[in-house]
Amino acid sequence: MERIDPARIPQRILYTGAKMPAIGLGTFGSDHASAELVASAVRSAIAMGYRHFDCAACYGNEKEIGEVFEEAFTAGTVQREELFVASKVWNDRHGARDVIAACAETLRDLRLDYLDIYYVHWPFPNYHPPFCDVDERNPDSKPFSVERFMGVWRQMERLVDMGLVRAIGMSNMTIPKLEAVLPLVRIRPAAVEMELHPAFRQQELFDYVKAQGIEPVGFCPLGSPDRPERDKTPEDIADLQMPEIVAIAEAHHVHPVLIALKWAVQRGQTPIPFSTKEKNLYSNLRSVTEDPLTDAEMQILAGCERGNRLVKGQVFLWPGASDWRELWDEDGSQRYWEQG
Ligand SMILES: NC(=O)c1ccc[n+]([C@@H]2O[C@H](COP(=O)([O-])OP(=O)(O)OC[C@H]3O[C@@H](n4cnc5c(N)ncnc54)[C@H](OP(=O)(O)O)[C@@H]3O)[C@@H](O)[C@H]2O)c1
């Protein structure tokens with residue numbers, strides 16, 4: 001199997017001083033790739049030089065991935081300290097004491113003593129069953145509340161104190177939500193996961209987290225062509241078919257996927273592309289170690305912004321909410337939050 005020397009992969013330095021490889025492997029099988037298939041991709045990825053893995057309890061494959069980690073440590077393919085492993089607490093584990101128990105389960109499943117980072121997956125306790133339809137609503141869903149979120153974050157901080165996680169992070173946040181919670185935290189988030197691809201750059205949020213010394217980690221970096229049906233709408237744009245990206249890909253003699261990845265790493269975010277195919281895993285990793293985009297190409301790609309959010313989160317809406325935009329504070333206000 002072809003291999004990239006991990007020393008060639010660009011690194012981000014978290015405010016904690018820890019290094020995070022600037023490209024990771026996503027592990028969400030999007031309702032179509034089985035846990036075994038994703039775990040097998042992780043096995044190949046470790047062998048070819050990936051060192052950053054983006055896991056989550058709700059992806060339903062941490063046990064299988066844990067077996068692969070253990071096998072790699074036992075075989076001496078890689079040492080624990082060489083890996084950067086992320087996981088996330090799912091929305092149904094936001095209750096008092098639930099977060100610590102959820103993290104302990106994840107550690108047991110992944111067969112690790114600690115996580116490099118643990119994210120709050122969504123800032124709501126709103127749970128939906130796997131494979132659910134986009135119109136499905138959970139009557140127990142609730143709008144964002146600072147108080148509820150801080151109840152979760154206090155447990156995340158405790159996990160750092162306990163030595164179970166090296167850093168903590170947030171995901172699917174907005175600037176108003178970050179502005180409300182950052183002054184209240186004792187331990188700051190080291191990274192924030194957000195949707196980032198050429199047609200959805202979230203420039204303001206990106207600049208905001210960078211200015212706060214927080215690393216942006218970009219999900220759906222390829223525009224998530226195989227995302228679940230519930231996350232698709234007819235207006236969505238396919239990033240990889242945008243003429244600007246296709247033209248730059250032709251100039252570099254590569255697939256448009258690789259242009260999206262080069263762009264992401266050069267812009268300063270950490271993409272976490274998913275793949276189960278060895279050929280794609282390898283070309284994705286290799287792409288960020290060679291043949292960079294020119295300033296002119298980066299400029300052209302900056303013009304691809306279309307405001308095209310793919311993971312809209314409709315299934316997380318609460319009774320009384322009517323539009324997925326209410327999840328994202330698009331008018332910059334707190335009007336859809338639960339006050340008090
Ligand atoms: N925090 C959150 O709320 C959140 C939300 C969504 C996603 N995520 C994370 O972000 C990760 C990535 O997002 P994503 O999985 O939705 O989408 P993505 O990485 O944008 O796209 C993945 C798709 O691209 C294809 N692909 C990958 N490399 C390719 C290549 N070189 N050539 C052609 N096709 C290629 C893959 O197919 P093949 O398997 O055929 O290669 C796969 O279907 C997830 O796995 C998950 O870890 C986090």
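The values are calculated or read from the model by the stated rules, or taken from the named source; none is laboratory data. Model, not experiment: these values are computed from the prediction. We place every Cβ from the backbone using ideal geometry, glycine too, and count neighbours over all the protein chains shown.
Starting from residues that are within 19 Å of residue 302 (Cα to Cα) and either small (Gly, Ala, Ser) or surrounded by fewer than 16 Cβ atoms within 10 Å (Cβ to Cβ) (or both), keep the ones in region 181-223 and report whichever is nearest to the ligand (Cβ to nearest atom).
So in region 181-223, the residues within 19 Å of residue 302 (Cα to Cα) come out as 194-210, 216-223.
With either small (Gly, Ala, Ser) or surrounded by fewer than 16 Cβ atoms within 10 Å (Cβ to Cβ) (or both) added as a condition, the list becomes 199, 203-204, 207, 210, 218, 223.
Details: 199: 11, 203: 19, 204: 19, 207: 20, 210: 18, 218: 8, 223: 6 Å.
Here the answer is 223.
Selection over region 7-46 of residues that are in contact (Cβ under 8 Å) with a residue 24 or more places away in the chain, more than 15 Å from the ligand (Cβ to nearest atom), surrounded by fewer than 18 Cβ atoms within 10 Å (Cβ to Cβ) and not in a loop (DSSP other than H, G, I, E, B) gives a count of 2. Of all residues in region 60-111, those satisfying the criterion of being surrounded by fewer than 18 Cβ atoms within 10 Å (Cβ to Cβ), among the acidic types (Asp, Glu) and touching an Asp or Glu at 6+ places or on another chain (Cβ under 9 Å) are 92, 98, 105.
Working only within region 238-249, note down all residues that are in a helix (DSSP H, G or I), over 20 Å from residue 24 (Cβ atoms) and either touching a helix residue (DSSP H, G or I) at 6+ places or on another chain (Cβ under 9 Å) or at pLDDT below 95 (or both). Once the filter is applied, which keeps residues that are in a helix (DSSP H, G or I), over 20 Å from residue 24 (Cβ atoms) and either touching a helix residue (DSSP H, G or I) at 6+ places or on another chain (Cβ under 9 Å) or at pLDDT below 95 (or both), region 238-249 yields 241, 244, 245, 246, 247, 248, 249.
Just the residues that are among the hydroxyl-bearing types (Ser, Thr, Tyr) and either within 15 Å of the ligand (Cβ to nearest atom) or in contact with a Cys (Cβ under 7 Å, 6 or more places away or on another chain) (or both), please, taken from region 126-173. The answer is 127, 171.
Residues are listed down the side, and each one gets a yes or a no for (1) assigned to a helix (DSSP H, G or I); (2) surrounded by fewer than 17 Cβ atoms within 10 Å (Cβ to Cβ); (3) within 14 Å of the ligand (Cβ to nearest atom):
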{"site": "275", "(1), (2), (3)": "no, no, yes"}
{"site": "280", "(1), (2), (3)": "yes, no, yes"}
{"site": "304", "(1), (2), (3)": "no, no, no"}
{"site": "307", "(1), (2), (3)": "no, yes, no"}
{"site": "325", "(1), (2), (3)": "yes, yes, no"}
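May I ask you to verify whether residue 186 is in contact with a helix residue (DSSP H, G or I) (Cβ under 6 Å, 6 or more places away or on another chain) and among the basic types (Lys, Arg)? It is true that residue 186 is in contact with a helix residue (DSSP H, G or I) (Cβ under 6 Å, 6 or more places away or on another chain) and among the basic types (Lys, Arg).
Determine if region 87-94 includes at least one residue that is at pLDDT 95 or above, more than 13 Å from the ligand (Cβ to nearest atom), hydroxyl-bearing (Ser, Thr, Tyr) and within 21 Å of residue 111 (Cβ to Cβ). The answer is no, given that none of the residues of region 87-94 is at pLDDT 95 or above, more than 13 Å from the ligand (Cβ to nearest atom), hydroxyl-bearing (Ser, Thr, Tyr) and within 21 Å of residue 111 (Cβ to Cβ). Considering only residues that are away from the ligand (no atom under 12 Å from the Cβ), part of a helix (DSSP H, G or I) and of a type outside the set (A, V, I, L, M), which ones fall in region 250-261? Scanning region 250-261 gives 250, 252. When region 112-140 is filtered for residues that are surrounded by 12 or more Cβ atoms within 10 Å (Cβ to Cβ) and under 21 Å from residue 39 (Cα atoms), the ones remaining, listed by number, are 112, 114, 115, 116, 117, 118, 119, 121. Does residue 59 meet the test of being in contact with a Ser or Thr (Cβ under 9 Å, 6 or more places away or on another chain), of a type in the set (Ser, Thr, Tyr) and either at pLDDT below 95 or closer than 24 Å to residue 168 by Cβ (or both)? When the stated conditions are applied, residue 59 passes them.
Specify which of the listed residues (119, 114) is among the hydroxyl-bearing types (Ser, Thr, Tyr) and within 15 Å of the ligand (Cβ to nearest atom).
None of the others qualify; the one that does is 119.
For region 249-267, the criterion of being of a type in the set (Val, Ile, Thr) and surrounded by fewer than 17 Cβ atoms within 10 Å (Cβ to Cβ) is met by none of the residues.
For region 38-93, a tally of residues being under 21 Å from residue 279 (Cβ atoms) and of a type in the set (S, T, N, Q) returns 3.
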